[in-house]
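First the structure, in the form of structure tokens, and then the observations on it.
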Amino acid sequence: MNVTPQQVLDRLAGVLSPRGVALTGADVLSEIVVNGDKVFFSINVEASEIRAWEDVCAQAEVAVRAIPGVSVAMVALTAERKPGSAAPPRRSAQGIPPVSTHRTPQNPAAGSPMARQADIPGVAAVIAVASGKGGVGKSTTALNLALGLRDHGLRVGLLDADIYGPSIPRLTGIREKPHLNDDKKMVPIGRFGLAIMSVGFLVEEESAMIWRGPMVTSAIRQMLRDVAWGELDVLVVDMPPGTGDAQLTLAQTVPLKGAVIVSTPQDLSLIDARRGLAMFRKVNVPVLGIVENMSFFQCPHCGTRSDIFGHGGARQEAERLGVPFLGEIPLHMSIRETSDSGHPVVESEPDGPHTAIYRVIAGRIRDRLQGATAAA
Ligand code: ADP
């Protein structure tokens, strides 16, 4: 039998706000979205009260998960300004709106922006793959680099945090839904030797579109916390495109060891890539380097190379900005075809020239991560 929003509301009536009012009477609930056995909603409160609501949020999650037929409950605690409310959300020194924190014992000094970050048990390094805008091939690059890291003998996970348009289900051909283990944690899907998790496994793409910034952050935090990642050397996070507040908050929320910026050679996306750099610098995440995707056109028939976009811009830009340049990936039919058919090129053409390029770039990323760890 399908779970209904009313059933969820009935349960939430039994959860009390910090002032002792039933959650359903506290004027804080968003629309309840039910998608099969998964329930999503947000609790939207005044920024100044967010700490007091953290326990309530956790209780709401437990209450909803206890409804027979519910396997996943994602409750986002958000501090968005409500229409008509007087006080704007408090901002941190970096201009980042406060978000909820489900604190864990590992959390460092409360009050610092980095206090929101908590290491994921068993995961040695988390890196972000980001782009200033959509459509530059960020997800394709993230997946193939994850496979390249795998080929260097690392245990690798991939988290598709591109909640506005999760494309990892399409790029990997994964259709199944993750199930829960005995600890009620979602088990990532194993494919190509990677542990893969995507919001796209849980919601249809249309539902994903309705998520707003703070909900995105909350959902990502939950995907990091409530997923049984196991033992990983690297978890690659495919970030949502752009450099807005949602991305900034995310970059701050996820315990990142570094970020890789994907850019095409066109000027416009280089400007966007620069914003991406500035964003990670703001939250003290080291930029591991820039990858130039669709760097030059390689004819699938004769192999001739054409620099149709004025190739080389990303390398020069990286030099100018003092960040490492990680490499160039050509615009090639076989990358597009393998990607869009769910058989990424590094997996389907292990001896091909494009795979070699991804592996070299992955090796540079691994070296930089190891260098950073050794320095630390
Ligand atoms: P983003 O995550 O930046 O939105 P995607 O990874 O979804 O971008 O890629 C957008 C489209 O471009 C997809 O159809 C993908 O197959 C294609 N694509 C990405 N990189 C390349 C490349 N190097 N050569 C050819 N096609 C590519």
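Looking across region 172-203, the residues that are touching a helix residue (DSSP H, G or I) at 6+ places or on another chain (Cβ under 7 Å), surrounded by 15 or more Cβ atoms within 10 Å (Cβ to Cβ) and not β-branched (V, I, T) come down to P178, R191, F192, L194, M197, S198, G200, F201. Looking across region 123-153 at every residue that is in a loop (DSSP other than H, G, I, E, B) and of a type outside the set (K, R), the one that is surrounded by the most Cβ atoms within 10 Å (Cβ to Cβ) is identified as S131. When the residues of region 291-338 are filtered to those that are farther than 19 Å from A130 by Cα and hydroxyl-bearing (S, T, Y), the one that is farthest from the chain's Cα centre (by Cα) is T304.
If you go through region 275-284 and keep only what is in contact (Cβ under 8 Å) with a residue 12 or more places away in the chain and closer than 15 Å to G132 by Cβ, you end up with R275, G276, L277, A278, M279, F280, K282. Within region 4-27, if we keep just the residues that are exposed (fewer than 14 other Cβ atoms within 10 Å of the Cβ) and part of a helix (DSSP H, G or I), the residue that is nearest to the chain's Cα centre (by Cα) turns out to be P5.
Here V346 qualifies as touching a Leu at 6+ places or on another chain (Cβ under 8 Å), closer than 22 Å to T172 by Cα and either away from the ligand (no atom under 16 Å from the Cβ) or not small (G, A, S) (or both).
The sole residue among R336, R281, R320 that is within 13 Å of the ligand (Cβ to nearest atom) and among the basic types (K, R) is R336. Select from region 154-171 the residues that are surrounded by fewer than 23 Cβ atoms within 10 Å (Cβ to Cβ) and among the small types (G, A, S) and write down the one among them that is farthest from V345 (Cα to Cα). The extreme case among them is G165.
The numbers here are math on the coordinates, done by the rules we state, and not lab data. Every value quoted in this text rests on a predicted model; they were computed, and no experiment measured them. Cβ coordinates were reconstructed from backbone atoms using ideal geometry, including for glycine residues, and neighbour counts include every protein chain displayed.
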